[in-house]
Amino acid sequence: MVAYLPELAELDINPLWADHDGVLALDARIRLSRVPVAGAERFAIRPYPDALVETIAWHGETLVLRPVRPEDEPAHRRFVEQLSPDDLRFRFFNARRELAHSELARLTQIDYAREMAFIAVRPGADGGSETLAVARAAVDPDNLEAEFAVVVRSDLQGRGLGRLLMDKLIAYQAVQGTQRLVGLVLHDNAGMRAFMQRLGFERHGGDSDALRLVLPLQGRPVSG
């Protein structure tokens with residue numbers, strides 16, 4: 001309410017009844033201001049960007065492409081556990097199959113003003129959601145460069161999920177005014193190198209372990 005009603009000056013709920021069935025406001029008082037005093041632009045941390053959620057058809061299934069949320073941590077853990085040793089090494093530059101809670105929290109509890117992580121999800125067998133792929137970008141303080149990473153579950157690669165998420169990420173960062181996307185790709189990750197080339201990335205430096213790939217964002221058509 002504070003995010004979407006900038007004129008909200010005060011909100012008093014008393015009493016508020018809470019039990020195992022939920023929460024019920026028995027009485028409430030709201031005071032509005034003639035001038036905006038609230039709104040998402042005043043938040044220290046940007047609220048969840050609902051406008052970026054979309055539902056798509058994919059190989060006979062319905063998927064949701066959306067920004068990651070903190071409650072995605074359990075599904076994110078299962079997603080990482082299903083990656084092959086090579087995919088783990090290509091993504092994290094090591095082959096550890098398990099990530100600590102602190103690492104998973106860093107990947108799922110993000111500040112949307114400084115980082116974006118789009119995930120592809122579908123309903124899971126346990127009634128929750130199943131993460132299939134992730135594309136993320138972390139932006140420097142001057143919004144000049146955003147370092148990206150993308151990974152698709154090993155058994156679902158080659159079916160267009162990476163392209164869907166990267167197209168969404170590229171379009172989003174371009175609208176944010178980011179100048180370029182950059183990323184490090186290991187020399188022996190031939191599949192990712194070819195994928196990045198199809199997206200328009202070019203090599204700009206690197207070292208003995210990885211190539212530095214760059215995609216200029218401004219001055220190019222924005223899709224999505």
For segment 103-224, what does the convex hull of the Cα positions come to per residue, in cubic angstrom? 132
R0 of 35 Å, Cβ-Cβ distance Arg89-Tyr48: FRET efficiency to nearest 0.05: 0.65
What number comes out for the charge environment of Arg122, summing +1 per Lys or Arg and -1 per Asp or Glu over other residues with Cβ under 9 Å away? -2
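Between Glu61 and Asp126, what FRET efficiency follows from the Cβ-Cβ distance if R0 is 25 Å, with the result rounded to 0.05?
0.90
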Going by amide H atoms built from the backbone, whose H comes under 5 Å of the H on Val37, apart from near neighbours? Glu7, Leu8
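Averaging over all projection directions, find the projected area of the Cα convex hull of the chain and quote it in nm² with one decimal place. Each step should come with its number before you reach the end.
Numbers: hull surface 64.6 nm².
Its Cα hull, projected and averaged over all orientations, spans 16.2 nm².
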Shape descriptor, segment 1-128: equivalent ellipsoid semi-axes (Cα gyration tensor, sqrt 5λ, whole Å, largest first) stand at 37, 19, 16
Fully extended contour minus Cα-Cα distance, from Val23 to Ala210, at 0.36 nm per residue: 62.1 nm
Sort Leu199, Leu169 so that the residue with the fewest other Cβ atoms within 10 Å of its own Cβ comes first and the one with the most comes last. Leu199, Leu169
Plugging the Kirkwood radius over Cα pairs into Stokes-Einstein for segment 1-43, at a temperature of 37 °C and a viscosity of 0.692 mPa s, what D comes out in µm²/s? 282
So between Ser154 and Ile30, what do we pick up on full extension, going 0.36 nm a residue minus the alpha carbon distance? 39.5 nm
Considering only DSSP beta bridges where both residues belong to segment 124-194, give the percentage that are antiparallel (nearest 5). 70
Going by average Cβ density within 10 Å per residue, which order do the peptides 97-105, 75-83, 128-136 take, highest to lowest? 128-136, 75-83, 97-105
What percent antiparallel are the DSSP beta bridges of the chain, to the nearest 5? 95
Taking θ as phi - 60°, what are the ³J(HN,Hα) couplings along segment 147-163 by the Karplus curve (6.51, -1.76, 1.60), each to the nearest whole Hz, with x for Gly and Pro? 7, 9, 8, 9, 8, 10, 3, 4, 7, 10, 6, x, 10, x, 5, x, 5
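Each value in this text was obtained by applying a stated rule to the coordinates, not by laboratory testing. As the structure is a prediction and not an experimental result, all values here were calculated from the model. Virtual Cβ from ideal backbone geometry, glycine too; neighbours counted across all protein chains shown.
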